[in-house]
1. How much net charge surrounds CYS45 when only the other residues with a Cβ under 13 Å from the Cβ of CYS45 are counted, with Lys and Arg +1 and Asp and Glu -1?
2. Please list the radius of gyration and Dmax for region 18-82, considering alpha-carbon atoms only, with Å as the unit.
3. Fully extended, how many nm does the chain gain between SER32 and MET149 (0.36 nm per residue separation, minus their Cα-Cα distance)?
4. For ASN55 and LEU117, calculate 0.36 nm times their separation in residues minus their Cα-Cα distance, and state this gained length in nm to one decimal.
5. For the pair MET159 and SER142, how long in nm is the line joining their label points, each one 7 Å along Cα→Cβ?
6. Taking H placed 1.01 Å from N in the peptide plane, check which residues at least 5 places from ILE75 or on another chain put their amide H under 5 Å from its amide H.
7. On a full-extension model of 0.36 nm per residue, what is the gain between LYS124 and ARG168, subtracting their alpha-carbon distance, rounded to one decimal in nm?
Amino acid sequence: STHTRVSHIEGAERVCVDSSVLCCPVCYEVYSSVPFLLSCGHTFCSQCIRTMQTNKMVGEAGDMTIDCPMCRVSISSNAVFKNYIVDDLLRSVEDIGERESKRSAAATAEIIATLRLAKDRSEKKVTALELRIANLDKDLHSTKKQLRMMTLVVFAPVMGYLALKAFRSLFS
């Protein structure tokens, strides 16, 4: 059952973590080093633990005790342990952030490469279309010139005949 649970968590795409467990409940700072766990179950940063130990009191048995700021239970200063679970959790969150950042950078690079390819293809199409337009424009001017010449060839004799007829009518 434990193996199934672990493989399910490892296979999860996103895991939501309450960020408050990654911060010291006294100073509200994210744990910058391995935090400390009191025997009552509460976790604090090393700086706050040092402050608590500096302000420690002597217990009934003559040992040094500190009062947990969360539950006020009096705890022997020897009953303070490093909380590697929270430290591992912090590292895994950092790893997830790095992986997400790398994944995002890779996706961005892929999008940029795709856009560049599309841009290059579009530029080639635009160049081909501009060349086609230039050729069509050249053909149009050539056709217009030929049409003018044909108009002169076809209508010149008619115009000449009409001019001659008009000229003759002046003298008749």
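1. Taking every other residue near CYS45 into account, the sum is 0.
2. Both quantities, over Cα of region 18-82: 11.6, 39 Å.
3. Values: separation 117, 0.36 × 117 = 42.12 nm, distance 9.04 nm.
Roughly 33.1 nm would be gained on extension.
4. On the way: separation 62, 0.36 × 62 = 22.32 nm, distance 6.65 nm.
So the extension gain works out to 15.7 nm.
5. Roughly 2.6 nm, to one decimal.
6. Result for ILE75 returns ILE66, ASP67, CYS68.
7. 9.4 nm
Quick note: the coordinates plus some simple rules give every number you see, no bench work behind them. No experiment lies behind these values; they were computed from the predicted model shown. With ideal geometry, Cβ positions are generated from the backbone for all residues, glycine too; neighbour counts draw on all protein chains shown.
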